[in-house]
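Here's the structure we're looking at; comments come further down.
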Amino acid sequence: MKSSVLLIYTGGTIGMRRNPLTSALEPFDFEHLRSCVPEMEQLQTHIDIRQFSSPIDSSDMTPSLWTDLVHIISDSYDQYDGFVILHGTDTMAYTASALSFMLQNLTKPVILTGSQLPIGQLRTDGKENLITSIEIASARHPDGTAIVPEVCIYFSGHLMRGNRTTKQSAEEFNAFESFNYPHLADAGVNITYHEERIHRPDFQKPMTPQFRLDSNVIIFSLFPGVREDLIRHIIATPNLRSIVMRTFGSGNAPQNPWLVNALKQGTKAGKVIVNISQCMQGAVEMSRYDAGYQLKEAGVVSGRNSTVEAAVTKLMYLQGKYDDNETVRKFMLQSLCGEITL
(Lines give C-alpha, C1' and ligand atoms only; values in the text may rest on other atoms or scores of the structure.)
Protein backbone atom coordinates (compact mmCIF):
# COMPACT_ATOMS: atom_id res chain seq x y z
CA MET A 1 0.00 0.00 0.00
CA LYS A 2 1.34 3.44 -0.95
CA SER A 3 2.40 5.49 2.05
CA SER A 4 1.25 9.06 2.60
CA VAL A 5 3.07 12.05 4.05
CA LEU A 6 1.89 15.53 4.96
CA LEU A 7 4.44 18.20 4.05
CA ILE A 8 4.09 21.33 6.19
CA TYR A 9 5.85 24.42 4.88
CA THR A 10 6.48 27.09 7.55
CA GLY A 11 9.05 29.10 5.62
CA GLY A 12 12.82 29.31 5.85
CA THR A 13 15.69 29.44 3.40
CA ILE A 14 14.63 26.29 1.54
CA GLY A 15 11.62 28.04 0.00
CA MET A 16 13.11 31.48 -0.51
CA ARG A 17 14.30 33.25 -3.62
CA ARG A 18 16.76 36.11 -4.04
CA ASN A 19 15.33 39.57 -4.77
CA PRO A 20 17.04 40.73 -7.99
CA LEU A 21 17.04 44.36 -6.80
CA THR A 22 18.23 44.02 -3.20
CA SER A 23 19.89 40.55 -3.35
CA ALA A 24 18.09 39.79 -0.07
CA LEU A 25 16.37 36.43 0.45
CA GLU A 26 12.59 36.68 0.54
CA PRO A 27 9.92 34.09 1.35
CA PHE A 28 8.22 32.57 -1.67
CA ASP A 29 5.39 30.03 -1.95
CA PHE A 30 5.56 26.27 -2.05
CA GLU A 31 4.68 26.00 -5.73
CA HIS A 32 8.11 27.50 -6.42
CA LEU A 33 9.67 24.81 -4.23
CA ARG A 34 7.70 22.02 -5.93
CA SER A 35 8.74 23.22 -9.38
CA CYS A 36 12.39 23.14 -8.30
CA VAL A 37 12.16 19.49 -7.17
CA PRO A 38 10.49 17.51 -9.98
CA GLU A 39 12.16 14.42 -8.45
CA MET A 40 9.35 14.41 -5.86
CA GLU A 41 7.12 12.86 -8.52
CA GLN A 42 9.33 9.76 -8.49
CA LEU A 43 8.73 9.06 -4.79
CA GLN A 44 6.46 6.11 -4.07
CA THR A 45 4.62 8.25 -1.56
CA HIS A 46 1.42 10.27 -1.70
CA ILE A 47 2.30 13.82 -0.60
CA ASP A 48 -0.18 16.45 0.54
CA ILE A 49 0.92 19.98 1.32
CA ARG A 50 -0.01 22.51 3.98
CA GLN A 51 1.69 25.83 4.34
CA PHE A 52 1.51 28.73 6.72
CA SER A 53 -0.64 31.49 5.21
CA SER A 54 2.39 33.77 5.44
CA PRO A 55 5.71 31.87 5.39
CA ILE A 56 7.94 33.11 8.21
CA ASP A 57 11.61 33.52 8.87
CA SER A 58 12.40 31.02 11.63
CA SER A 59 13.70 33.88 13.80
CA ASP A 60 10.02 34.82 14.15
CA MET A 61 8.99 31.38 15.41
CA THR A 62 6.86 31.51 18.59
CA PRO A 63 5.22 29.06 21.02
CA SER A 64 1.83 29.92 19.49
CA LEU A 65 3.11 28.74 16.11
CA TRP A 66 4.34 25.51 17.75
CA THR A 67 0.77 25.07 18.96
CA ASP A 68 -0.47 25.64 15.40
CA LEU A 69 1.87 22.88 14.18
CA VAL A 70 0.61 20.49 16.86
CA HIS A 71 -2.99 21.24 15.80
CA ILE A 72 -2.14 20.51 12.15
CA ILE A 73 -0.45 17.22 13.05
CA SER A 74 -3.06 16.04 15.56
CA ASP A 75 -6.03 16.99 13.35
CA SER A 76 -4.64 14.95 10.43
CA TYR A 77 -2.78 12.30 12.44
CA ASP A 78 -4.86 9.34 11.29
CA GLN A 79 -4.66 10.29 7.61
CA TYR A 80 -0.88 10.11 7.17
CA ASP A 81 2.02 7.75 7.85
CA GLY A 82 4.36 10.62 8.65
CA PHE A 83 4.94 14.36 8.60
CA VAL A 84 7.72 16.55 7.20
CA ILE A 85 8.08 20.13 8.41
CA LEU A 86 10.08 22.56 6.28
CA HIS A 87 11.55 25.10 8.67
CA GLY A 88 14.26 27.73 8.83
CA THR A 89 17.46 26.56 10.51
CA ASP A 90 17.88 29.28 13.12
CA THR A 91 15.19 27.98 15.50
CA MET A 92 14.67 24.50 14.09
CA ALA A 93 16.18 22.80 17.16
CA TYR A 94 13.80 24.75 19.43
CA THR A 95 10.79 23.71 17.35
CA ALA A 96 11.90 20.07 17.19
CA SER A 97 12.42 20.02 20.96
CA ALA A 98 9.06 21.65 21.69
CA LEU A 99 7.16 19.27 19.40
CA SER A 100 8.84 16.24 20.99
CA PHE A 101 7.24 17.20 24.32
CA MET A 102 3.91 18.40 22.92
CA LEU A 103 3.32 15.17 20.92
CA GLN A 104 3.41 12.59 23.70
CA ASN A 105 3.46 8.89 22.73
CA LEU A 106 4.18 9.82 19.13
CA THR A 107 3.83 6.75 16.93
CA LYS A 108 4.66 8.34 13.57
CA PRO A 109 7.67 10.25 12.22
CA VAL A 110 7.73 14.03 12.40
CA ILE A 111 10.83 15.11 10.46
CA LEU A 112 12.04 18.71 10.38
CA THR A 113 14.37 19.79 7.63
CA GLY A 114 15.40 22.80 5.60
CA SER A 115 18.48 24.03 3.82
CA GLN A 116 21.39 26.41 3.94
CA LEU A 117 20.81 27.56 0.35
CA PRO A 118 17.44 28.25 -1.36
CA ILE A 119 16.19 25.26 -3.29
CA GLY A 120 16.33 27.17 -6.57
CA GLN A 121 20.06 27.79 -6.35
CA LEU A 122 22.49 25.60 -8.26
CA ARG A 123 24.40 24.21 -5.25
CA THR A 124 21.42 23.89 -2.94
CA ASP A 125 21.39 21.26 -0.20
CA GLY A 126 17.61 21.49 -0.06
CA LYS A 127 16.74 18.80 -2.61
CA GLU A 128 18.49 15.95 -0.83
CA ASN A 129 17.29 17.09 2.59
CA LEU A 130 13.68 17.25 1.38
CA ILE A 131 13.60 13.99 -0.56
CA THR A 132 15.34 11.93 2.11
CA SER A 133 13.13 13.41 4.84
CA ILE A 134 10.05 12.30 2.91
CA GLU A 135 11.53 8.81 2.50
CA ILE A 136 12.23 8.57 6.24
CA ALA A 137 8.78 9.91 7.15
CA SER A 138 7.15 7.20 5.03
CA ALA A 139 9.41 4.30 6.08
CA ARG A 140 7.59 1.45 7.83
CA HIS A 141 8.32 -1.98 9.20
CA PRO A 142 6.61 -5.01 7.59
CA ASP A 143 3.96 -4.87 10.33
CA GLY A 144 3.08 -1.31 9.31
CA THR A 145 4.61 0.50 12.28
CA ALA A 146 6.89 3.46 11.66
CA ILE A 147 10.64 2.84 11.64
CA VAL A 148 11.28 6.25 13.25
CA PRO A 149 8.32 7.22 15.47
CA GLU A 150 10.03 10.35 16.80
CA VAL A 151 10.38 14.07 16.23
CA CYS A 152 13.68 14.33 14.36
CA ILE A 153 15.85 16.70 12.39
CA TYR A 154 17.28 15.46 9.11
CA PHE A 155 20.16 17.41 7.64
CA SER A 156 23.13 16.67 5.43
CA GLY A 157 22.92 12.87 5.57
CA HIS A 158 22.14 12.53 9.28
CA LEU A 159 18.89 11.84 11.13
CA MET A 160 19.02 13.15 14.70
CA ARG A 161 16.65 13.07 17.66
CA GLY A 162 15.06 16.51 17.61
CA ASN A 163 15.43 17.27 21.29
CA ARG A 164 19.13 16.35 21.24
CA THR A 165 20.06 18.57 18.32
CA THR A 166 21.72 21.99 18.10
CA LYS A 167 22.60 24.19 15.16
CA GLN A 168 26.38 24.14 14.92
CA SER A 169 27.13 26.15 11.77
CA ALA A 170 25.62 29.04 9.85
CA GLU A 171 27.65 28.24 6.74
CA GLU A 172 28.31 24.49 6.42
CA PHE A 173 25.74 22.16 4.89
CA ASN A 174 26.28 20.01 7.99
CA ALA A 175 24.39 22.63 9.99
CA PHE A 176 23.19 20.46 12.88
CA GLU A 177 24.69 17.97 15.28
CA SER A 178 23.49 15.81 18.14
CA PHE A 179 26.48 16.05 20.44
CA ASN A 180 25.24 13.92 23.34
CA TYR A 181 23.27 11.26 21.47
CA PRO A 182 24.26 9.25 18.36
CA HIS A 183 22.51 9.61 15.02
CA LEU A 184 19.30 7.63 14.52
CA ALA A 185 20.08 7.05 10.84
CA ASP A 186 22.73 7.92 8.28
CA ALA A 187 21.96 8.39 4.62
CA GLY A 188 24.50 7.51 1.96
CA VAL A 189 23.82 5.27 -0.99
CA ASN A 190 21.31 3.62 1.36
CA ILE A 191 19.57 4.87 4.50
CA THR A 192 20.98 2.95 7.46
CA TYR A 193 18.68 3.00 10.48
CA HIS A 194 20.21 2.43 13.92
CA GLU A 195 17.10 0.94 15.41
CA GLU A 196 18.61 0.27 18.83
CA ARG A 197 18.85 4.07 19.29
CA ILE A 198 15.30 4.84 18.18
CA HIS A 199 12.57 5.37 20.77
CA ARG A 200 9.82 2.75 20.70
CA PRO A 201 6.40 4.04 21.82
CA ASP A 202 3.39 1.98 22.77
CA PHE A 203 1.75 1.58 19.35
CA GLN A 204 -1.48 0.43 21.03
CA LYS A 205 -1.94 3.77 22.79
CA PRO A 206 -2.98 7.02 21.11
CA MET A 207 -0.74 10.00 20.56
CA THR A 208 -1.64 12.67 23.12
CA PRO A 209 -1.11 16.29 22.05
CA GLN A 210 -0.66 19.19 24.43
CA PHE A 211 -1.46 22.66 23.16
CA ARG A 212 -0.67 24.83 26.17
CA LEU A 213 2.80 26.22 26.85
CA ASP A 214 3.93 28.63 29.56
CA SER A 215 6.90 30.70 28.38
CA ASN A 216 7.67 32.33 31.74
CA VAL A 217 11.25 31.11 31.50
CA ILE A 218 14.57 32.81 30.78
CA ILE A 219 18.08 31.72 29.80
CA PHE A 220 21.22 33.35 31.13
CA SER A 221 24.90 32.46 30.90
CA LEU A 222 27.46 32.86 33.65
CA PHE A 223 30.78 34.44 32.75
CA PRO A 224 33.82 35.80 34.60
CA GLY A 225 32.79 39.16 36.03
CA VAL A 226 29.03 38.56 35.97
CA ARG A 227 27.35 41.28 38.04
CA GLU A 228 25.49 40.59 41.23
CA ASP A 229 22.82 43.27 40.73
CA LEU A 230 21.89 41.95 37.29
CA ILE A 231 21.66 38.32 38.40
CA ARG A 232 19.57 39.26 41.44
CA HIS A 233 17.32 41.36 39.21
CA ILE A 234 16.75 38.42 36.84
CA ILE A 235 16.05 35.94 39.63
CA ALA A 236 13.59 38.35 41.29
CA THR A 237 11.64 39.01 38.07
CA PRO A 238 7.88 38.87 38.84
CA ASN A 239 5.94 35.98 37.21
CA LEU A 240 9.18 34.27 36.16
CA ARG A 241 8.74 30.57 36.92
CA SER A 242 12.00 29.07 35.75
CA ILE A 243 15.57 29.80 34.70
CA VAL A 244 17.96 27.88 32.46
CA MET A 245 21.39 28.80 33.81
CA ARG A 246 24.31 28.05 31.50
CA THR A 247 27.34 27.22 33.63
CA PHE A 248 30.96 26.22 33.04
CA GLY A 249 32.28 22.74 32.25
CA SER A 250 30.44 20.01 34.14
CA GLY A 251 28.05 22.45 35.78
CA ASN A 252 30.32 24.77 37.74
CA ALA A 253 29.77 28.39 38.77
CA PRO A 254 31.86 31.09 40.49
CA GLN A 255 32.10 30.41 44.21
CA ASN A 256 30.78 33.83 45.13
CA PRO A 257 28.62 33.78 48.28
CA TRP A 258 26.23 36.30 46.73
CA LEU A 259 25.54 34.00 43.76
CA VAL A 260 24.77 30.98 45.94
CA ASN A 261 22.56 33.12 48.18
CA ALA A 262 20.72 34.60 45.19
CA LEU A 263 20.07 31.12 43.78
CA LYS A 264 18.88 29.89 47.19
CA GLN A 265 16.47 32.79 47.41
CA GLY A 266 15.19 31.99 43.95
CA THR A 267 14.56 28.32 44.68
CA LYS A 268 12.96 29.16 48.05
CA ALA A 269 10.63 31.51 46.19
CA GLY A 270 9.55 28.51 44.09
CA LYS A 271 11.51 29.21 40.92
CA VAL A 272 12.93 26.20 39.07
CA ILE A 273 16.59 26.84 38.22
CA VAL A 274 18.10 24.31 35.79
CA ASN A 275 21.85 23.91 35.37
CA ILE A 276 22.98 23.43 31.74
CA SER A 277 26.61 23.31 30.66
CA GLN A 278 27.90 25.87 28.16
CA CYS A 279 29.88 23.02 26.56
CA MET A 280 28.39 21.46 23.45
CA GLN A 281 29.25 17.97 24.64
CA GLY A 282 29.18 16.41 28.09
CA ALA A 283 26.91 16.49 31.10
CA VAL A 284 26.30 18.47 34.26
CA GLU A 285 27.71 16.67 37.32
CA MET A 286 27.18 18.97 40.27
CA SER A 287 28.76 16.57 42.75
CA ARG A 288 32.04 16.44 40.84
CA TYR A 289 33.56 19.74 42.01
CA ASP A 290 32.87 21.97 44.98
CA ALA A 291 31.93 24.78 42.56
CA GLY A 292 29.05 22.63 41.34
CA TYR A 293 28.15 21.08 44.67
CA GLN A 294 27.28 24.51 46.05
CA LEU A 295 24.68 24.89 43.30
CA LYS A 296 23.13 21.57 44.24
CA GLU A 297 22.97 22.70 47.86
CA ALA A 298 21.22 25.87 46.68
CA GLY A 299 18.43 23.79 45.14
CA VAL A 300 19.52 24.06 41.51
CA VAL A 301 18.26 21.20 39.31
CA SER A 302 20.73 19.29 37.13
CA GLY A 303 19.94 19.48 33.44
CA ARG A 304 22.29 16.51 32.90
CA ASN A 305 23.27 16.42 29.21
CA SER A 306 20.29 18.34 27.88
CA THR A 307 20.63 20.93 25.15
CA VAL A 308 19.57 24.46 25.99
CA GLU A 309 16.81 24.16 23.41
CA ALA A 310 15.40 21.03 25.04
CA ALA A 311 15.67 22.46 28.57
CA VAL A 312 13.79 25.67 27.81
CA THR A 313 11.02 24.00 25.77
CA LYS A 314 10.64 21.21 28.35
CA LEU A 315 10.09 23.87 31.01
CA MET A 316 7.49 25.59 28.80
CA TYR A 317 5.73 22.26 28.30
CA LEU A 318 5.76 21.30 31.98
CA GLN A 319 4.71 24.76 33.13
CA GLY A 320 1.82 24.64 30.67
CA LYS A 321 0.75 21.31 32.13
CA TYR A 322 1.36 21.85 35.86
CA ASP A 323 0.70 24.89 38.04
CA ASP A 324 2.87 23.48 40.83
CA ASN A 325 6.55 24.27 40.32
CA GLU A 326 7.61 21.39 42.55
CA THR A 327 6.00 19.01 40.05
CA VAL A 328 7.86 20.80 37.25
CA ARG A 329 11.11 20.34 39.19
CA LYS A 330 10.40 16.62 39.61
CA PHE A 331 9.78 16.02 35.91
CA MET A 332 12.84 18.03 34.88
CA LEU A 333 14.87 15.23 36.46
CA GLN A 334 13.12 12.60 34.32
CA SER A 335 13.53 11.73 30.66
CA LEU A 336 10.14 12.31 29.02
CA CYS A 337 11.07 11.43 25.44
CA GLY A 338 14.78 10.72 25.34
CA GLU A 339 15.94 14.30 25.85
CA ILE A 340 18.43 13.43 28.61
CA THR A 341 20.54 10.43 29.58
CA LEU A 342 19.79 9.13 33.07
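Could you tell me the calculated FRET efficiency between residue 35 and residue 342, based on Cβ-Cβ distance and R0 = 51 angstrom, to the nearest 0.05?
Details: r = 47 Å, r/R0 = 0.93.
Once rounded, the FRET efficiency stands at 0.60.
Antiparallel versus total DSSP beta bridges in the stretch 174-291: what percent is that, nearest 5?
Numbers: 4 of 15 bridges.
Percent antiparallel among DSSP bridges in the stretch 174-291 is about 25.
Among residues other than residue 272 whose Cβ falls under 9 Å from its Cβ, what is the net charge (Lys/Arg +1, Asp/Glu -1)? Please list the in-between numbers first.
On the way: positive: 241, 271, 329; negative: 326.
With Lys, Arg at +1 and Asp, Glu at -1, the net is +2.
Pull out the extension gain between residue 255 and residue 223, defined as 0.36 nm times the separation in residues minus the alpha carbon to alpha carbon distance; nm, one decimal. Intermediate values should be presented prior to the final figure.
Values: separation 32, 0.36 × 32 = 11.52 nm, distance 1.22 nm.
Net length gain for the segment: 10.3 nm.
What is the spin-label model distance, in nm, from residue 60 to residue 2 if the labels are put 7 Å beyond Cα along the C-beta direction?
That separation, rounded to one decimal, is 3.5 nm.
Would any residue of the stretch 276-295 have its amide N under 19 Å from a label point 7 Å out along Cα→Cβ of residue 237? List them or say none.
Those under the cut-off are 276-278.
Peptides 159-167, 189-197: what's the order by average Cβ count within 10 Å, highest mean first? Before the final figure, lay out each step's value.
Values: 159-167: 27.2, 189-197: 11.7.
The packing order, highest mean first, is 159-167, 189-197.
If you add up the charges near residue 221, with Lys and Arg at +1 and Asp and Glu at -1, over every other residue whose beta carbon is less than 14 angstrom from its beta carbon, what do you get? Present the calculation step by step, with values, prior to reporting the outcome.
Values: positive: 227, 246; negative: none.
Taking every Cβ under 14 Å from that of residue 221, the sum is +2.
Antiparallel as a % of all DSSP beta bridges within the chain, to the nearest 5?
Numbers: 18 of 51 bridges.
So the antiparallel bridges amount to about 35 percent of the total.
Hey, for a label at residue 52 modelled as a point 7 Å past Cα toward Cβ, could you say which residues of the stretch 72-101 have their backbone N under 16 Å away?
So the set is 72-73, 84-99.
What number do you get for the chain when its Cα radius of gyration is normalised by 2.2 N^0.38 Å, N = residues?
Working: Rg = 20.8 Å, N = 342, 2.2 N^0.38 = 20.2 Å.
Working it through for the chain, the quotient is 1.03.
Express the relative contact order of the chain as a whole percentage, based on alpha carbon pairs under 8 Å and six or more residues apart in sequence.
About 15 percent, as a whole number.
Using alpha-carbon pairs under 8 Å, 6+ residues apart, how would you state the relative contact order of the stretch 265-320 in percent? Let's see the in-between values first.
Numbers: 57 pairs, mean separation 20.4, N = 56.
Normalised by residue count, the contact order of the stretch 265-320 is 36 percent.
Quick check: residue separation of residue 173 and residue 210 times 0.36 nm, minus the Cα distance between them. What number comes out in nm?
Values: separation 37, 0.36 × 37 = 13.32 nm, distance 3.30 nm.
Using 0.36 nm per residue and subtracting the Cα-Cα distance, I get 10.0 nm.
Keeping every protein chain in place, order 77, 9, 181, 293 by accessible area at 1.4 Å, biggest value first, i.e. largest first.
293, 181, 77, 9
Figure the gain on full extension for residue 293 and residue 330 (residue separation times 0.36 nm, minus the Cα-Cα span) and round it to one decimal in nm. Mind showing how you got there, number by number?
Numbers: separation 37, 0.36 × 37 = 13.32 nm, distance 1.90 nm.
Contour length minus the Cα-Cα distance gives 11.4 nm.
The values are calculated or read from the model by the stated rules, or taken from the named source; none is laboratory data. On a predicted model such as this, the values are computed, not experimentally measured, just so you know. All Cβ positions, glycine included, derive from the backbone under ideal geometry; neighbour counts span all protein chains shown. Keep in mind that these areas ignore ligands, DNA and RNA; they rest on the heavy atoms of the full protein, side chains included. Shrake-Rupley method; radii C 1.70, N 1.55, O 1.52, S 1.80 Å.
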